[in-house]
Amino acid sequence: MFITFEGIDGCGKSTQAKMLFELLNKSGSAVLTHEPGGWDGGASLRALVLNGGLRHSWSEFYLFMLDRSEHAARVIEPAIAAGKHVICERYHDSTLAYQVWGRKLPYGPLHDALSLASLPVPNITFFFSIAPEKALSRVSKRGAADAFESEGLAFMKRVDEGYRTLAKNESTRWVVIECGDKTPDEIFECVRNSLREKGLCL
Ligand code: TYD
């Protein structure tokens, strides 16, 4: 199964991805990966897109697509072909939420880019929903802000709205988890239950 984890910066998805990876790895084999930069050679691209001071929104988009194409070809597709579960933190829905709703690039061409490049579509996508104010306050404690973290509250609210719209429009693929004041263990129970409903033995 190809499972993606999405949400605004500071939503807590890395903790959840790690918990799921550990669980799936007990009963079979799983791969935990992320974008941008989840492939050999991806680190320099990650540094460029997050901290390179890019001045054009389309540069960002092309770099994310370049990163995703290599990541899919080198990591995601081989793992799926080998029968492994792939857990990926951020994928094409990040591009739609951040570059369309956040940066205001057009939806149509960015949406179509995934199928034009023949990249795999996730079986299930989790959206970890958290108030943008709370997420930003967590992010501000993590150290130097990158190109997105420094955009501020209005930007994160647009990205959040983007995720909600995407989830509503494709409700069979998406699972929205309202994190609220839930603990990481309680949130993980929601993840686990949703995967059980999709037929995964957990
Ligand atoms: P990262 O440090 O991985 O953030 P997080 O730990 O919150 O996931 O940084 C990734 C940043 O890049 C994040 O702010 C979202 C942004 N991003 C996009 O704007 N578009 C994309 O397609 C991807 C993959 C990420």
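The values are calculated or read from the model by the stated rules, or taken from the named source; none is laboratory data. Since this is a predicted model, take the numbers as computed values, not measurements. A quick note on method: Cβ atoms are made from the backbone with ideal geometry, for glycine too, and the neighbour counts reach across all protein chains shown. These accessible areas exclude ligands, DNA and RNA; they are computed on the full protein's heavy atoms, side chains included. Shrake-Rupley method; radii C 1.70, N 1.55, O 1.52, S 1.80 Å.
Show that you can apply the helix-only estimate: for the chain, add -39,500 (n - 2.57) for every DSSP H stretch of four or more residues, divide by all residues, and state [θ] at 222 nm to the nearest 500. Numbers along the way, then the final one.
Working: 8 runs with 94 residues, N = 202.
Mean residue ellipticity, 222 nm, calculated: -14500 deg cm²/dmol.
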At 1.4 Å probe radius, can you tell me the per residue accessible area of the chain in Å²? 47
Accessible area, 1.4 Å probe, largest first: how do His34, His71, His56 sort? His56, His34, His71
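Could you grab the relative contact order for the chain? Cα pairs under 8 Å, six or more apart, rounded to a whole percent. Don't skip to the answer; put the middle values down first.
Working: 273 pairs, mean separation 63.6, N = 202.
Relative CO of the chain lands at 32 percent.
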At a 1.4 Å probe radius, carbon and sulfur cover how many percent of the accessible area of the stretch 2-197? 53
Positive end of the dipole of the stretch 83-202, charges at C-beta (+1 Lys, Arg; -1 Asp, Glu), about the Cα centre: which of Ala154, Val175, Ser118 has its Cα farthest in that direction? Ser118
Could you identify which residue out of Tyr163, Tyr62, Tyr98 has the top mean-square fluctuation in a GNM of the chain using Cα springs shorter than 10 Å? Tyr62
Would you work out the charge dipole size for the stretch 83-202 about its Cα centre, treating the Cβ of every Lys and Arg as +1 and the Cβ of every Asp and Glu as -1, and quote it to the nearest 20 debye? 100
Ignoring ligands, DNA and RNA, how do Trp101, Trp174 rank by accessible area with a 1.4 Å probe, largest first? Trp101, Trp174
State log₁₀ I(q)/I(0) for the stretch 2-197 at q = 0.07, 0.16 Å⁻¹ as given by the Debye formula over alpha-carbon point scatterers of equal weight, solvent excluded. -0.18, -1.08
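With only Lys, Arg, Asp and Glu charged, each at its Cβ (+1 for the first two, -1 for the last two), find how big the charge dipole of the chain is about the Cα centre; round to the nearest 20 debye. Please report the intermediate quantities before stating the final value.
Values: 24 positive and 25 negative charges, 12 e Å.
It comes to approximately 60 debye.
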Starting from the Cα of Ala154, step 7 Å along the direction of its Cβ; do the same at Glu178; then give the gap between the two resulting points in nm. 2.8
Would you mind checking the stretch 3-32 for residues with the amide N under 15 Å from a putative spin-label position 7 Å along Cα→C-beta of Glu170? 3-7
Taking the Cα atoms of the stretch 108-202 alone, what are Rg (to one decimal) and Dmax (as a whole number) in Å? 15.7, 41
Accessible area, 1.4 Å probe, largest first: how do Arg68, Arg90, Arg158 sort? Arg158, Arg90, Arg68
Mind giving me the nanometre distance, one decimal, between the label points for Ser27 and Asp40, set 7 Å out from Cα along Cα→Cβ? 3.2
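Using the Cα centre as the reference, give the magnitude of the dipole from point charges on the C-beta atoms of the stretch 33-129 (Lys, Arg: +1; Asp, Glu: -1; all else neutral), rounded to the nearest 20 debye.
Details: 8 positive and 9 negative charges, 40 e Å.
With only Lys, Arg, Asp and Glu charged at Cβ, the dipole is about 200 debye.
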